[in-house]
Amino acid sequence: MSKQQMRKRGFTLIELLVVIAIIAILIALLLPAVQQAREAARRSQCRNNLKQLGLALMNYHESYNVFPPSYINGGEVRSYGYLPYGQIKNHTGYLLLLPYIDQQPMYNAIDFRFATGQADWRSRGGGQRQLQIEGKKLEVLRCPSDANFDDPHSYGWQNMYTIHNSSRVSYGFVHRHHEYAIYRCYGMDYAWYKTAFGKNGAAKLSDINDGAAQTMLLIETPFRKWSRAYGPYLQAYTHTHNILPRQYGINYDYRGSGRPYAWGPGSRHNGGCHILFGDGRVTFVNESTDRGLTNALTTIEGREAVEIPNSF
């Protein structure tokens, strides 16, 4: 075989470059579709997580005829007004739900006589660690679209943010106010003021006079906010445990950082976030939703006239 014949069987450099260019164009065309499909799957999983949490809340309610407290004996700014010395606990509502999300062994490992965290803003005493649950992450509490960030998290200075080796969660208990404005435990608060969850208490389904279908229970909140100290966390209460759609809306951009502030709801999904309502329904709510509507959906007995649009 002649050298000329052998050369005819190969590819020229230009032909190879053309083939590579075509492949690159096809990849560029297909990549967005693949990414969209992956995000759709993650979004569906996030929705399913909230549905499971909704079932857990209902099963807890069936057992105790009341929802779990958002937190118990938190080491907060108002703790001096209602906690005897030595009674900081920092238990979260997530811990109380463990038996209802197939985490009975983790629940059994907790000694609820003692605190699960050390946040103690007013030096009331009692806070401590329970090493047997630190560092544990539960996928049902984590949106798969959210990028891992500083997790598990520790903050060693002794104040309202003190926490050790605790995992972030994507779904926060809906509150009306942060702890600066909460003077009373849940059972002593004004009815019109209440959300479904509060400190040291929560509502019964029969208390939700605005209608369960029109009352938020849980809302998404991203791992990364304006400060790395901001929660919420599975193992323990800290200062930013409460999530406040009434005050911050959804995906509130704090100081142009692209991230929400301390108590802000939101998600890494495009354009909004998921919300669990009192009837077990999970809905994706647009970040441009009217703030007045968002406000009305947080309380259980505000008696607001609410008209939910079809696109909600």
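Annotations
- Members of segment 69-78 found to be surrounded by 24 or more Cβ atoms within 10 Å (Cβ to Cβ) and either of a type outside the set (Ser, Thr, Tyr) or at pLDDT below 95 (or both), listed by number: 74, 75, 76
- Of residues in segment 74-118 being of a type in the set (Lys, Arg) and in contact (Cβ under 8 Å) with a residue 24 or more places away in the chain, the one farthest from residue 129 (Cα to Cα): 78
- Within segment 253-268, considering residues that are out of contact with any Phe, Trp or Tyr (no Cβ under 6 Å at 6 or more places or on another chain), surrounded by fewer than 21 Cβ atoms within 10 Å (Cβ to Cβ) and under 16 Å from residue 223 (Cβ atoms), the one modelled with the lowest pLDDT: 258
- Evaluated against (1) modelled with pLDDT under 95; (2) out of contact with any Gly (no Cβ under 8 Å at 6 or more places or on another chain), residue 171 falls short on exactly one condition, (1).
- Subset of segment 131-178 (residues that are of a type in the set (S, T, N, Q) and either closer than 24 Å to residue 68 by Cβ or crowded, with 18+ Cβ neighbours inside 10 Å (or both)): 132, 145, 162, 165, 166, 167, 170
- Residue list for segment 75-130, restricted to those being under 19 Å from residue 165 (Cα atoms), of a type in the set (Ser, Thr, Tyr) and assigned to a helix (DSSP H, G or I): 94, 107
- Among the residues of segment 79-95, those identified as among the hydroxyl-bearing types (Ser, Thr, Tyr) and either surrounded by 22 or more Cβ atoms within 10 Å (Cβ to Cβ) or under 18 Å from residue 177 (Cα atoms) (or both) are 79, 82, 92, 94.
The values are calculated or read from the model by the stated rules, or taken from the named source; none is laboratory data. Note that the structure is a prediction, hence the values are computed from the model and not measured. All Cβ positions, even for glycine, are placed from backbone atoms using ideal geometry, and neighbour counts span all protein chains on display.
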